[in-house]
Amino acid sequence: MGTAPTGAGTAPVGTTHADRRRAPDGTPSARPGRLPAGVPQPRPTDRFAELLVAVLSGQRPVHAMLRHSAGQAYDELIRLAERGPLRTRGARPVVRDIGWFVPREGAIEAFARIGAGDRLRAMAFRLERGRDLRWRCTAVELGGPR
């Protein structure tokens, strides 16, 4: 008594607006398009390393980086992607490790170790935060196999 049926989209009578934003287990629910509070957000270096590997291995087209790059980085990606430096037969390339250095506020210089089977490659890239607060790749280099 005192509660409405708890079907989809309904909440018990007498609940506050804040209570309606909570998941059934009592934790705050996510706002549309966002991860819930407390869920670790991926670092820009992680997201960019994965995207660069996907483009340089042929899993994604190079134009996937168009809005994520600035300056001559996109031209360099086109040249690199044409050669398909991370394309392999068999094991798909994966990011094994990422490191970074912050030379100044709004810039990150990162490196990643890319593995495919028993092969290991090095990738370096620079990210800069624009006025719109979005990170963009401004340089990328790929080292040879080891």
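The values are calculated or read from the model by the stated rules, or taken from the named source; none is laboratory data. Note that the structure is predicted; figures quoted are calculated from it, not measured. The accessibility values were calculated without ligands, DNA or RNA, using every heavy atom of the protein model including side chains. Shrake-Rupley method; radii C 1.70, N 1.55, O 1.52, S 1.80 Å.
Of the accessible area of the stretch 99-146, computed with a 1.4 Å probe over protein heavy atoms only, carbon and sulfur atoms account for 51 percent.
Take every DSSP beta bridge whose two residues both sit in the stretch 44-146; close to 95 percent of them are antiparallel. Dividing the mean sequence gap of close Cα pairs (under 8 Å, 6+ apart) by how many residues the stretch 75-146 holds gives a relative contact order of 23 percent.
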